[in-house]
Amino acid sequence: MAEQTYYIDEDVGEDIASQAGTESSPYKSLGFAVLQHGDSQQFLTRKSTTGTIPEGSDSSARLEWKPVAKAAMKKAKNYAQQQQKKAVREQELVAQRTREEADRKRVLEEAKKILIEEDMSLPKAERIKLDETDPKKVKLGNGTDVLGTRVRVFGRVHRERRQKEVMFITLRDGYGLMQVIFTGPLAKTYDALTLTRETSMEICGELREVPPGAHAPNNRELHADYFKIHKGWKAAGGDDAITNRVSKDTEHATLLDLRHLTLRGETASKVMIVRDAVEYAFNQVYKELRMRKVSPPALVQTQVEGGATLFKFDYYNEKAFLTQSSQLYLETCLPSMGDVYCIEKSFRAEKSLTRRHLAEYTHVEAELDFITFDDLLDHLELVICRVVEITMSDPTIAKHVMELNPEFKVPDRPFKRMKYSEAIKWLVEHGIPNEDGEEHKFGDDIAEAAERRMTDIINRPVFLTHFPVEIKAFYMQKDKDEPLVTESVDCLIPGVGEIVGGSMRMYDYDELMAAFEREKIDPAAYYWYTDQRKYGSSPHGGYGLGLERFLAWLCKQHTVRDCCLYPRYFGRCAP
Ligand code: 4AD
């Protein structure tokens, strides 16, 4: 074909196939022109608007077309070659993908023909949870292999992996994980080939010990002889697969938006399982101490811990609040039930976003009758340590705790006891300033950051006691020797800070009424509380422990938000 002339204008040309390469429809780059028409053509180039006018020429010189330089031609040829190679590679890839898709389609069509049925001549499969032991283990003659009875398990696919003709599935049911092996026709079925994570399955087979050197949960694996994915049990795959929605790299806010899926992950589910054990342990300890559980109301018309954090709502045209603490109600139970406790929700309209504040949290609260302040501290120490002891006595729970918090140690007793005034001195000595950046002085609230730094440096649980009257709640009993301070205690724990707040309660009627007046709280609505001081008062005290903070410590979680099922905090009330 005769040599043609193509035009390249680096300023106004365009590198698109619809461009003709003529003077009136030039390309933008030589590389593109060569790619379109090969290198055996004539190419003329210019920069119509930005080109430099040769010295001595008039201004129309910039519009002249010029043959391309050799070096530019060489570069353009290289570019065109690379582009051609790339196009060939892409075509090959597309072809390969099409072939693979066709192959997969064919394999899947074939797989649909493989129908498996449970072999009813086999022994009946006994249903077990994934952490349960095989009901009737039988040791084989050489003592190395253990043959089990047939078992039937239900669960969801936690992980899956294929190896030639064998498929390994890790099944999860909330009680444990179990490795399952599909071989032969089972591994070739349509359901096996298209298996997605989180799919629910029913599997029958025989449990065997894993071969030496291999690893699997509880050192065993289920050799499946039958499985079924019932209608509607399949989990979404492709872009919608769970692994594309939540992963280790997903932002924390997204993980909380998808909490229903995050909860299926190993960390979240371990924390929730430990939480169940801890809550149970509190109940056990309180039963050991012969304390009675009560269930005070959540909808109330009185405050306990100050108006600033009250959630107010309209209660049939009356003003009401979500409870901040069940303490006042617990106190009313002492005369009839003895020592009492509750594990209920408390609500705080906290406006700050910290890692240890929730708007709704689980509050473990107790109230003890006829005690001294020292009795209260001893009791608290015992409860905390005993709860840890009971929790860790369950091997599964202890394993979860140690996986979440490998350095966890049961705290030594007695806890360090430190008066507020000593803490102020300590903070000054260690150069830790107050919230205004100044040296701490008596009467300052010890803010979260300073409190945590102090606890982390001391590095063991601390009972911080005897806070000044002005910075504590109205109901706290004053120290009889030092009336400027209260018989109050915060238990501080490394990594978290305050996990418990407690005190002896003011039990003298007149003193309590004066406290209401001092705090400018109308006592009328509290008649049921103040009446306790009228009808047989007693020296008594109690405390509240934030369950999520306790868990953040035990399970080494950065925030209490990860220690409850569906956290509520400033800006989040969903899902
Ligand atoms: O120190 P607080 O406010 O004490 C009381 O409510 C007392 N009336 C309890 C009582 O004596 N029965 O709260 C007690 C504990 C804190 O130490 C902390 O662990 C937890 O409750 N807590 C919170 N946890 C999560 N989010 C919040 N916003 C919390 N506020 C308090």
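Nothing in this text is a laboratory measurement; each read-out follows from the coordinates by a stated rule. Just so we're clear, the structure is a prediction, and the values are computed from it rather than from any experiment. Cβ atoms come from the backbone with ideal geometry, glycine included; neighbour counts cover every protein chain shown.
Along the positive direction of the dipole of segment 426-575 (beta-carbon charges: Lys, Arg +1; Asp, Glu -1; about the Cα centre), which of Tyr527, Phe550, Tyr566 reaches farthest?
Tyr566
Hull surface divided by four, with the convex hull built on the Cα atoms of segment 305-459: how many nm²?
If you wrap the Cα atoms of segment 305-459 in a convex hull and average its projections, you get 13.3 nm².
Using the Cα centre of segment 417-575 as origin and beta-carbon charges of +1 (Lys, Arg) and -1 (Asp, Glu), tell me which of Gly431, Gly536, Pro575 is placed farthest towards the positive end of the dipole.
Value computed over the given set: Pro575.
Using only the alpha-carbon atoms of the chain as identical scatterers, what base-10 log of I(q)/I(0) does the Debye formula give at q = 0.07, 0.12 Å⁻¹?
Per q value, in the given order, log10 I(q)/I(0) is -0.68, -1.15.
Once Rh for segment 414-514 is found with the Kirkwood sum over Cα pairs, what is the Stokes-Einstein diffusion coefficient at 10 °C and 1.306 mPa s, in µm²/s?
D, rounded to a whole number, is 113 µm²/s.
In whole angstrom, how far apart do the alpha carbon centroids of segment 372-420 and segment 535-575 sit?
Measuring centre to centre over Cα atoms gives 16 Å.
Ratio to report: Rg/Rh of segment 434-485, with Cα atoms as the point set and Rh obtained by the Kirkwood method; give two decimals.
1.01
Would you mind working out the magnitude of the charge dipole of segment 308-370 relative to its Cα centre, with +1 at each Lys and Arg C-beta and -1 at each Asp and Glu C-beta, to the nearest 20 Debye?
500 debye
So if R0 is 22 Å, what FRET efficiency would Gln4 and Thr50 give, r being the distance between their Cβ atoms, rounded to the nearest 0.05?
About 0.25, to the nearest 0.05.
Run the simple label-point estimate for Glu350 and Tyr535 please: 7 Å along Cα→C-beta, distance reported in nm.
It is 3.6 nm.
Give, to the nearest whole percent, the P(r) tail of segment 495-562 beyond 17 angstrom, counting all Cα pairs.
58 percent
Just want to confirm a number: the relative contact order over segment 280-388, from Cα pairs under 8 angstrom separated by 6+ residues, in percent.
27 percent
Restricting to DSSP H runs of at least four residues, report the calculated mean residue ellipticity at 222 nm for the chain, -39500 (n - 2.57) per run over all residues, nearest 500 deg cm²/dmol.
Only helices count here, giving -9500 deg cm²/dmol.
About the Cα centre, and with charges only on the beta carbon of Lys, Arg (+1) and Asp, Glu (-1), how big is the dipole of the chain? Nearest 20 debye, please.
Dipole magnitude for the chain comes out near 2620 debye.
For the pair Thr183 and Tyr509, how long in nm is the line joining their label points, each one 7 Å along Cα→Cβ?
With each label point 7 Å from Cα toward Cβ, the separation is 8.4 nm.
Quick one: 3J(HN,Hα) in Hz for segment 442-451, Karplus 6.51/-1.76/1.60 with θ = phi - 60°, rounded, Gly and Pro as x.
Per-residue couplings from phi come out as 3, x, 6, 6, 7, 6, 3, 5, 5, 4 Hz.
Tell me, what is the FRET efficiency for Leu289 and Ser393 to the nearest 0.05, using R0 = 22 angstrom and their Cβ-Cβ distance as r?
Efficiency, rounded to the nearest 0.05: 0.80.
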